[in-house]
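Here is the structure we will look at, set down as structure tokens.
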Amino acid sequence: MAIQWYPGHMHKAKKAITERLKSVDMVVEVLDARLPASSASPLLAQLAKGKPTLKILNKQDLADPERTAVWLTDYQSRPNTRALAVDATDKHVTQKLIAACRELLPHRRGLDKPLRVMICGIPNVGKSTLINGMLGKKSAKTGNEPGITKSEQRLFLADDFWLYDTPGMLWPKIIVEEAGYNLAASGAVGRNALDEETVALALLDYLRRHYLPLLQARYQADLSSSPHWLDSDWLECAGKKRGALLSGGRVDYQKAAERVLTDFRDGLIGRITLETPNQWAVWLKQAQQREAALKAERQARQALRKGQVS
Ligand code: G4P
């Protein structure tokens with residue numbers, strides 16, 4: 001499934017991030033705990049290479065706790081990296097974030113050496129909710145520095161802890177097919193950019209293989225036959241159970257798909273995570289092989305054309 005992306009926008013984001021990175025000590029990357037790898041920005045990984053990073057797995061209330069623990073361990077094992085799982089209701093998120101950042105860079109302390117942190121995340125991971133929660137009733141104090149636009153705010157979480165917000169990041173070109181589906185299922189991708197039935201079928205296919213009991217419970221499926229159902233059978237069942245019907249009692253598949261996606265996004269199917277570090281490694285490898293094959297094809301075509309011209 002192709003998800004639109006915007007080269008012009010990417011260029012702007014790249015410039016802004018590159019500029020900001022020059023004057024910060026570390027990066028906080030907000031991720032969606034239900035799809036940590038898919039919601040990471042490959043652009044940021046490329047630009048912030050080597051900078052200490054805190055990964056925040058937000059929306060942990062919707063994610064599978066066992067898998068969240070696996071992701072945290074995976075991130076913690078990476079050099080210069082810490083990871084935290086939080087959700088919007090977490091009252092202690094500011095203290096946790098500051099403590100985790102200070103652990104990474106203990107020498108940046110005091111008014112003469114404030115810890116300067118850039119926070120970023122692709123849309124819908126909950127970055128604004130998180131920042132608003134951290135600021136509480138205080139309004140965002142913003143720095144009046146040259147080169148910092150109004151939309152790029154400096155927030156003072158403590159006198160010697162400055163957080164720079166980096167808005168406007170979109171996802172770069174997505175090469176991992178599963179990442180496209182997972183982002184779409186999570187609601188990160190605008191409705192017009194995707195076919196909901198395709199996304200719902202991909203989601204149901206994953207859920208039937210990894211979260212069968214949750215699906216069975218949500219849609220009151222027959223316990224003996226449903227383990228053999230395919231994604232389309234599940235869509236049919238969900239449509240019937242969730243009242244997505246046309247006149248005559250036939251299932252309205254578009255409506256059924258919308259209901260399944262809403263159920264997932266609202267956590268009504270259960271606490272679910274759509275990828276593990278191992279699954280992601282396999283998907284990434286496959287995607288890279290696909291990209292390499294496409295590139296080789298393109299080059300062969302170009303070489304052939306050149307040969308025909310000369
Ligand atoms: P963004 O700045 O990264 O684009 O994301 P934003 O904060 O706008 O959050 C996107 C959606 O995710 C919002 O829901 C928000 O309420 C929800 N959200 C953020 N953090 C959490 C969390 O930790 N747990 C849960 N369950 N939800 C979270 P929305 O439906 O788009 O809007 P609304 O419900 O706030 O009206």
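The table that follows gives values for the structure above.
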quantity	calculated
Subset tally (residues that are hydrophobic (A, V, I, L, M, F, W, C), more than 14 Å from the ligand (Cβ to nearest atom) and touching a helix residue (DSSP H, G or I) at 6+ places or on another chain (Cβ under 8 Å)) for the range 45-77	5
Matching residues, the range 78-123, being assigned to a loop (DSSP other than H, G, I, E, B) and within 15 Å of the ligand (Cβ to nearest atom)	VAL86, ASP87, ALA88, THR89, ASP90, LYS91, HIS92, GLY121, ILE122, PRO123
Condition check for GLN60: assigned by TED's automatic domain parsing to the domain that holds THR129, loosely packed, with under 12 Cβ neighbours inside 10 Å and not aliphatic (A, V, I, L, M)	no
Matching residues, the range 181-225, being in contact with a Cys (Cβ under 7 Å, 6 or more places away or on another chain) and not aliphatic (A, V, I, L, M)	TYR219
Test: residue in the range 23-39 that is of a type in the set (Asp, Glu), in the same structural domain as PHE156 (by TED's automatic domain parsing) and within 13 Å of the ligand (Cβ to nearest atom)	yes
Cβ pairs under 8 Å, 6+ apart, first in the range 77-98 and within 19 Å of PHE156 (Cβ to Cβ), second more than 15 Å from the ligand (Cβ to nearest atom) and of a type outside the set (Val, Ile, Thr)	THR94/LEU157; LEU97/LEU54; LEU97/LEU157; ILE98/LEU157; ILE98/ALA158; ILE98/PHE161
When residues of the range 124-178 are limited to those that are at pLDDT below 85, assigned to a loop (DSSP other than H, G, I, E, B) and surrounded by 19 or more Cβ atoms within 10 Å (Cβ to Cβ), the one nearest to the ligand (Cβ to nearest atom)	MET169
Where GLN302 falls short, out of the listed (1) open to solvent by 100 Å² or more (accessible area, probe 1.4 Å); (2) within 19 Å of ASP205 (Cβ to Cβ)	(2)
Meets criteria (within 13 Å of the chain's Cα centre (by Cα) and surrounded by 13 or more Cβ atoms within 10 Å (Cβ to Cβ)) for ALA48	no
Per-region count, the range 51-65, residues in a loop (DSSP other than H, G, I, E, B) and either within 11 Å of the chain's Cα centre (by Cα) or among the charged types (D, E, K, R) (or both)	4
Cβ-Cβ under 7 Å pairs, at least 6 apart or on other chains, the range 46-74 side of a type in the set (Gly, Ala, Ser), far side open to solvent by 50 Å² or more (accessible area, probe 1.4 Å)	ALA63/ARG271
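The values are calculated or read from the model by the stated rules, or taken from the named source; none is laboratory data. If you're wondering where the values come from, they're calculated on a predicted model, not measured in any experiment. Heads up, the Cβs are rebuilt from the backbone with ideal geometry, glycines too, and the neighbour counts pull from every protein chain shown. Areas reflect the complete protein model, heavy atoms only, side chains present, ligands, DNA and RNA absent. Shrake-Rupley method; radii C 1.70, N 1.55, O 1.52, S 1.80 Å.
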